[in-house]
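The values are calculated or read from the model by the stated rules, or taken from the named source; none is laboratory data. Predicted model, so just to flag it, every value in this text is computed and none were measured. For neighbour counting, all protein chains shown are included, and Cβ atoms are generated from backbone atoms with ideal geometry for every residue, glycine included. Side chains are part of the model used for accessible areas, which takes the heavy atoms of the whole protein and leaves out ligands, DNA and RNA. Shrake-Rupley method; radii C 1.70, N 1.55, O 1.52, S 1.80 Å.
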Amino acid sequence: MAVLNLAVQKRRDFLINELVKFGYFKTIEGKQLYELTLSELEHIHITVKCKFGKQMQEDE
């Protein structure tokens, strides 16, 4: 079980770092990234990356 917890924490840390790189620091509801679950972070990460990709496409 400790291995799973470590893997989850590593993934959460990765996603938080990626979101901060894109200027995303908290949710609309005011929650800090470290307060979110892994699934919430994954969902936000996908949404932010999609928006960034669309912006890049429009700039071309």
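Computed over protein heavy atoms with a 1.4 Å probe, the carbon and sulfur contribution to the accessible area of the chain reaches 60%.
Cross-link partners of Lys54 among lysines, defined as those whose alpha carbon lies under 25 angstrom from its own and excluding same-chain residues fewer than eight positions apart: Lys21, Lys26. The mean accessible area for residues of the chain, using a 1.4 Å probe and ignoring ligands and nucleic acids, is 80 Å² per residue. Over the residues of the chain, the helix contribution to mean residue ellipticity at 222 nm works out to -24500 deg cm²/dmol, using -39500 (n - 2.57) for each DSSP H run of at least 4.
Between Leu4 and Glu35, the modelled label-to-label distance comes to 2.7 nm, taking each label 7 Å out from Cα in the direction of the beta carbon.
Among the listed values [x] 11.0, 35; [y] 13.2, 47; [z] 19.7, 49, the one matching Rg and Dmax of the Cα atoms in Å as calculated from this structure is [y].
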